[in-house]
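Each remark here refers to the structure printed beneath this line.
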Amino acid sequence: MGSKLSINSKIKEKKEIKKNKINSKMYTMIIALISIWIIFTITTGGNFLTARNLSNLLRQMSTTGLLAIGMVFVIILGEIDLSVGSMLGLLGGIAAILNVWFKMSAGATIVITLALGLVLGLWNGFWISYKNVPSFIVTLAGMLVFRGILIGVSKGSTIAPLTKSMKVVGQAYLPSVLGYIIGIIAVISTILIITKSRNNKLKYGLNVPSKSVDMAKIVVISVIIMGLVFILNQYQGLPVPVFIMLMLGIIFSYIASKTVFGRRIYAIGGNKEATKLSGIDIKKSVLIIYAINGLLAAMAGILLTARLNAGSVAAGQNAELDAIASCVIGGASLSGGTGSVAGALVGALVMASIDNGMSMLNTQPFWQYIVKGLILLIAVWIDISTKKKD
């Protein structure tokens, strides 16, 4: 009995060490993000941190953020999806066609587009899980096929303008009062989560930081949340696309960290053979993850089309690379088994901040590609170096 308790204690201790490493990566990325913001604030004469620009930055980030939420689950599995950019473009284009050409209501357009996203995700997942075709090949084919279908169905033209009710999804803002209410709820949730986490660690005899450290963490997070809400309310309020992204981020973060399904995804990515021997249906799990990824790509396509008030054949080009980079920058490992939704969103914010800041400085587009490519390379190198040390 004593040996069993000792083994369980060691397992929990290892999980705690791994969690602390992930948290340290997250803190490093947050520091890097703050540094990027400081640099752009200085170089733009303070214009980068204005309420209007922060609002635009977060709205731009929402599309990449949604793709990154789905992509991080795929990467945790140890797989990849190169088709989400073309999928986003195709589904956004279909949403525009349904709304503009077929005069469908916003509600019907959104439901049909989400359903199609689910189908396309299942298509990818079927070939990968049940036909054993490598995910790189399946999604590379999808990238070409989906882009080709988009060009074909749209006849190579831009489809606009959308109806007023459809534009609301991508362009509207929440009232200031509602923004403050959401901020207060987020602060209360933060307090409850940190407190519960501390109590659970004490219950299982794990090391816990001092109360002053947890209190400082609560204060810092609360200040950031309420400060962001206050700044956004100085412009027009919390953008609806950002609210949708945050809600989905919270939901999928809970799924990843607090559900049996989420733990299975990490187990598959960590050791597929051992997971298979334990009786977990790997094929079904892979299929579900790719279906979710398709669903989130559909939502991203809807938000992008609504924000731009048009469907375009160029929509979503290279978006898959931004999503993958966001996940890796946020601490996900391309070898599988490691990653988090929160980290992916921080990575998406880093990528969006680079795009936004360099655009404000009128930097030529080729420099944006170079900088983002180097950041991705460095992030992967850091991940590999960390694993070697372990």
**Complete:** The one condition Val187 fails out of (1) open to solvent by less than 50 Å² (accessible area, probe 1.4 Å); (2) modelled with pLDDT of 90 or more; (3) over 22 Å from Ser62 (Cα atoms) is (3)
**Request:** Kindly check whether there is at least one residue in region 208-217 that is of a type in the set (A, V, I, L, M), touching a residue at least 24 places away in the same chain (Cβ under 8 Å) and either under 30 Å from Gly85 (Cβ atoms) or open to solvent by less than 80 Å² (accessible area, probe 1.4 Å) (or both).
**Result:** no
**Item:** region 115-173, residues that are among the aromatic types (Phe, Trp, Tyr) and either closer than 30 Å to Ser55 by Cβ or touching a Ser or Thr at 6+ places or on another chain (Cβ under 8 Å) (or both)
**Value:** Phe146, Tyr173
**Prompt:** Tell me, which residue of region 299-319 that is of a type outside the set (A, V, I, L, M) and surrounded by fewer than 24 Cβ atoms within 10 Å (Cβ to Cβ) is nearest to Val169 (Cα to Cα)?
**Reply:** Arg307
**Request:** Evaluate the following for Ser326: is it among the hydroxyl-bearing types (Ser, Thr, Tyr) and crowded, with 24+ Cβ neighbours inside 10 Å?
**Result:** yes
**Request:** Identify, from the list Ile76, Ile80, Ile69, the residue that is over 23 Å from Val313 (Cβ atoms), touching a Ser or Thr at 6+ places or on another chain (Cβ under 6 Å) and either aromatic (Phe, Trp, Tyr) or at pLDDT 90 or above (or both).
**Result:** Ile80
**Request:** For region 260-315, enumerate the residues that are hydroxyl-bearing (Ser, Thr, Tyr) and closer than 17 Å to Leu90 by Cα.
**Result:** Tyr290, Thr305, Ser312
**Request:** Examine region 136-156 for a residue that is surrounded by 20 or more Cβ atoms within 10 Å (Cβ to Cβ), over 21 Å from the mean Cα position of the chain (by Cα) and free of Cβ contacts under 8 Å to residues at least 60 places away in the same chain, and state whether such a residue exists.
**Result:** yes
**Complete:** Here the residues within region 119-159 that are among the hydroxyl-bearing types (Ser, Thr, Tyr), assigned to a helix (DSSP H, G or I) and farther than 15 Å from Gly93 by Cβ are Ser129, Ser135, Thr139
**Request:** Filter region 42-71 down to residues that are open to solvent by less than 10 Å² (accessible area, probe 1.4 Å), of a type outside the set (A, V, I, L, M) and assigned to a helix (DSSP H, G or I) and give me whichever is farthest from Gly339 (Cα to Cα).
**Result:** Ser55
**Request:** Give region 259-289 a look and list any residue that's touching a residue at least 12 places away in the same chain (Cβ under 8 Å), open to solvent by less than 30 Å² (accessible area, probe 1.4 Å) and more than 13 Å from Ser129 (Cα to Cα), or say none.
**Result:** Ile265, Gly269
**Complete:** (1) within 25 Å of Ala51 (Cβ to Cβ); (2) open to solvent by 40 Å² or more (accessible area, probe 1.4 Å); (3) assigned to a helix (DSSP H, G or I) all hold for Val242 apart from (2)
**Message:** If the requirement is being small (Gly, Ala, Ser), at pLDDT 90 or above, over 18 Å from the mean Cα position of the chain (by Cα) and crowded, with 19+ Cβ neighbours inside 10 Å, which of these qualifies: Gly237, Gly249, Gly294, Gly227?
**Reply:** Gly237
**Asked** Going through region 348-370 one residue at a time, which ones are of a type in the set (A, V, I, L, M, F, W, C), in a helix (DSSP H, G or I) and surrounded by fewer than 15 Cβ atoms within 10 Å (Cβ to Cβ)?
**Response** Phe366, Trp367, Ile370
**Prompt:** Can you tell which of Leu162, Leu206 is outside any helix (DSSP H, G or I), more than 25 Å from Gly107 (Cα to Cα) and among the hydrophobic types (A, V, I, L, M, F, W, C)?
**Reply:** Leu206
**Request:** Inspect region 211-220 for any residue being within 20 Å of Leu54 (Cα to Cα), in a helix (DSSP H, G or I) and not basic (Lys, Arg) and give the result as yes or no.
**Result:** yes
**Complete:** Of the residues in region 98-114 that are open to solvent by less than 50 Å² (accessible area, probe 1.4 Å) and within 23 Å of the chain's Cα centre (by Cα), the one that is nearest to Ile289 (Cα to Cα) is Leu114
**Prompt:** Do we have any residue at all in region 8-15 that's among the aliphatic types (A, V, I, L, M), more than 22 Å from Gly179 (Cβ to Cβ), part of a helix (DSSP H, G or I) and modelled with pLDDT under 75?
**Reply:** yes
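The values are calculated or read from the model by the stated rules, or taken from the named source; none is laboratory data. These numbers were taken from a predicted model, which means no experiment stands behind them. Positions of Cβ are generated from backbone atoms using ideal geometry, with glycine treated the same way; all protein chains shown enter the neighbour counts. Protein only, heavy atoms only, side chains kept; ligands, DNA and RNA dropped before computing areas. Shrake-Rupley method; radii C 1.70, N 1.55, O 1.52, S 1.80 Å.
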